[in-house]
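In what follows, a structure is listed as structure tokens, so that the remarks can point back to it.
FYI, it's all coordinate maths here, none of it is from the lab. What you see is a predicted model; the values in this text were computed from it and never measured. Please note: Cβ atoms are built from the backbone with ideal geometry, for glycine as well, and neighbour counts cover all protein chains shown.
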Amino acid sequence: MPNTGVTIIKIWEDEHFFEINLEVRSCFCVSDIKFYTDNTELDELRRGLLLISSLSENEYVWRSGKDKKNSTHYVHTRWYLYDKQGHVGIEFILDNKDSPPDKMRSHSCVITELNQLDDFINQLQQFIKGKSSVVKGLLN
């Protein structure tokens, strides 16, 4: 079974926003998408993941972009408590909103553990603070 997980790499930055490459590796496929975001949007993700990690919520949905024709990208993530043993399921829909033949839309899921989620949250915090340009984790 290949390594599952998620990697975020900052590949370009401006004063108020930056471009990232989000790679999702499941047991069955690898998908990646490049899109523009900012620290506010990523901090919203971080705060939502803290709700799952602290068991305050059973599910959290984070989106970037819109799932409509004239959008630049669409990233949909659903984070949820998978079972009572501390496993977390993550559903990803990645759509680059390009036209064929460059169009890409993938739908995959990854299972991880709460401790891996905590590590991912900490790395994301360092990324937001500008102390790191890579977040890599959620390994199974």
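Here the chain is assigned +1 on the Cβ of each Lys and Arg and -1 on the Cβ of each Asp and Glu. Its dipole about the Cα centre then comes out at about 220 debye. Spin-label pair Thr7-Asp67: with each label point 7 Å from Cα along the Cα-Cβ axis, the two points sit 2.8 nm from one another. Overall, segment 55-97 carries a charge dipole of about 300 debye about its Cα centre when +1 sits on the Cβ of Lys and Arg and -1 on the Cβ of Asp and Glu, all other atoms neutral. Each of Trp62, Trp12 has some number of other Cβ atoms within 10 Å of its Cβ, and from fewest to most they run Trp12, Trp62. Helix-only arithmetic for the chain: the sum of -39500 (n - 2.57) across DSSP H runs with n ≥ 4, divided by the residue total, places the mean residue ellipticity at 222 nm at -7000 deg cm²/dmol. In plain terms, the bigger the Kirkwood radius, the slower the diffusion; for the chain, with that radius from Cα pairs, at 20 °C and 1.002 mPa s, Stokes-Einstein puts D at 140 µm²/s. Compute the FRET efficiency between Lys34 and Leu139 as 1/(1 + (r/R0)^6), taking r as their Cβ-Cβ distance and R0 = 22 Å, and round to the nearest 0.05. After rounding, the FRET efficiency stands at 0.45. Please report how many Lys pairs in the chain have alpha carbons closer than 28 angstrom, counting only residues at least 8 apart along the chain or sitting on separate chains. For the chain, qualifying lysine pairs total 28.
Rounded to whole numbers, the Karplus 3J(HN,Hα) couplings from phi for segment 50-67 are 4, 5, 6, 4, 8, 6, 6, 10, 8, 8, 9, 10, 10, 10, 9, x, 10, 8 Hz, using 6.51 cos²θ - 1.76 cosθ + 1.60 with θ = phi - 60°, and x at Gly and Pro.
Longest stretch of the chain clear of exposed loop sites (trypsin sites (Lys or Arg not before Pro), DSSP loop, at most 15 other Cβ atoms within 10 Å, sites excluded): 1-65. Between the amide H of Met104 and those of Asn96, Lys97, Asp98, distances stay under 5 Å, these residues lying 5 or more places away or on another chain, with hydrogens modeled in the peptide plane.
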